[in-house]
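Below you'll find the structure, written out as structure tokens, and then a few comments.
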Amino acid sequence: MTASDTPVDYQRLFRSLPDNFLLMAPDATILDNTDSHVAASLKSREEAVGRTLFDAYPSVDQNQGDIIAASHEHVRQHLEPHAMPVIRYDLAKPAEQGGGFEEMYWQATHYPLLDEQGRLQYILQRTQNVTEQLRAAQEAAKAQAALAEEQDRTRFVLENLPVLIWTATAEGQRDYFNSRWLAFTGHPLEKQIGVQWVDSIHPDDRSRVLSTWQRSVESGELYQVEYRLRRHDGQYRWILVRATPRRDAAGTISMWVGGATDIHEQRQMVQELLQANEQQGLLSEQAHELYRKAENQRETYHNLFMQAPAMICILRGPEHRYEFVNPRYQELFPHRELVGHSVEEVLPEVREQGIIDLLDNVYRTGETYFGNELKLQLERDASKELRDSYFNFIYQQFRENNQPAGIMVFAFEVTDFVLARQALERLNDAPGN
């Protein structure tokens, strides 16, 4: 007996095919299906064979059975295969699996099988269950959308903080400057990246600034320097610059984040105090050191916002509800929970000191408010005792969809500096000075 004499059980062979096939008559009556299709369709072969497709697998409201019917009609009319788009077609679950319908998505192609005269004899449906792939794609899309939203939010805050911000590569090449830096210098981004930013430094400061920066890049230590930067109008202004390296899990530096604050007036004021009180050199030196300490507190942040040395918060809506508070701001009120509450709720003592009125005016008019050495009496701990504190701060409105959305607060505490200056002024006014 030869191999050709061995009978082939084609029905058994068809049912054993490793794919989801459904064989139908031209009117969609089910004639047979593969074992894989039985498993995927959640219904036994005996329950399906002999019934039409939509009778065997009932359609519910969300199912797209009309797309299947249109595909069948295309095969009947044109006698050619037709591939359907991904559709939703929920299937009834067996009672032992809890009943009801399971949400499912399918990719299907219908093939015409013709007789010897070229007439349609069967429709063969090849089906793929793409539910898991579709859900994975949907989750990926959601994650991407969330990431894009977070990036947009970070970019918004970065561009609107009242600080001159920049970043650099691990090798020390500047690769980003925010809009405030560009507006200050009057140069476009392409004229600042790399090492071009050095051109705006006062010639007498340039060598010192570059050597300090190079040492920090090589050592990975905190970068801090004061120098004169040329403003767009040609005036050189003293700025205080601080930068922190960002490291990966292995401790390798991946980038630098830095920022600068204009300290021109403060530096001039300290110089005037020193020159007017040469006989009080020791006390003046202490005042200058206190000034430097205060300035260090208010300078740029680590990893953009959360490790900022300045106090930063975002107040949302006309009720000035805390939406974001960085750790330096929270340290001012360690006994109070700020986020989610309005300023008036958690800081009732500031209403009588005019702060709520200031916030209302900035939110309503859009006019930025600059506070210089403003004295506030605050409850700094759980003792409820009001303590005098002094702050330099900026209240700046931000808008969304061309409407006022809230206020960005950027503040520095200068209590030590103010108290030292007042002490120095009292010495100046004393008889004999």
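The values are calculated or read from the model by the stated rules, or taken from the named source; none is laboratory data. The model shown is predicted, which means the values in this text are computed figures rather than measured ones. Every residue, glycine among them, receives a Cβ derived from its backbone with ideal geometry; neighbour counts consider all protein chains shown. With ligands, DNA and RNA removed, areas are computed over all heavy atoms of the protein, side chains included. Shrake-Rupley method; radii C 1.70, N 1.55, O 1.52, S 1.80 Å.
Leaving ligands, DNA and RNA out of it, rank H232, H82 by accessible area with a 1.4 Å probe, largest first.
Most to least solvent-accessible, the answer reads H232, H82.
Please report the accessible area of M408 (heavy atoms, 1.4 Å probe, ligands and nucleic acids excluded) in Å², nearest 10.
That residue has around 10 Å² of solvent-accessible surface.
Would you mind classifying segment 39-153 by shape? Square roots of the alpha carbon gyration tensor eigenvalues, ordered a ≥ b ≥ c; an a/c under 1.5 is rounded, otherwise it is prolate if a/b is larger than b/c and oblate if not.
Oblate is the answer for segment 39-153, as a/c is 1.5 or above yet b/c matches or exceeds a/b.
Could you tell me the largest-minus-smallest coordinate of the C-alpha atoms of the chain on each of the three principal axes, in descending order and whole angstroms?
Principal extents (largest minus smallest coordinate, Cα): 128, 51, 38 Å.
Using Cα pairs under 8 angstrom and six or more residues apart, how large is the relative contact order of the chain, in percent?
8
What does the convex hull of the Cα atoms of segment 108-210 come to per residue, in Å³, rounded to a whole number?
Value for segment 108-210: 207 Å³ per residue.
Hey, can you find the accessible area per residue of the chain for me, probe 1.4 Å, expressed in square angstrom?
Value for the chain: 53 Å² per residue.
Find, among the trypsin sites (Lys or Arg not before Pro) in segment 336-433, those assigned to loop by DSSP (not H, G, I, E, B) with at most 11 other beta-carbon atoms within 10 angstrom.
K384
Could you tell me how many degrees, from 0 to 90 and to the nearest 10, lie between the Cα long axis of helix 355-365 and the main elongation axis, the longest principal axis, of the Cα atoms of the chain?
60
Which whole-number percent is the relative contact order of segment 362-433 (Cα, under 8 Å, 6+ apart)?
26
Name the shape class, rounded, prolate or oblate, that the alpha-carbon gyration tensor gives for segment 300-398, where a ≥ b ≥ c are the square roots of its eigenvalues, rounded holds for a/c under 1.5, and otherwise prolate holds if a/b is larger than b/c and oblate otherwise.
rounded
Could you run the Karplus curve 6.51 cos²θ - 1.76 cosθ + 1.60 with θ = phi - 60° over segment 234-240 and give me ³J(HN,Hα) per residue in whole Hz, x for Gly and Pro?
Along segment 234-240, the couplings run x, 7, 8, 10, 6, 10, 10 Hz.
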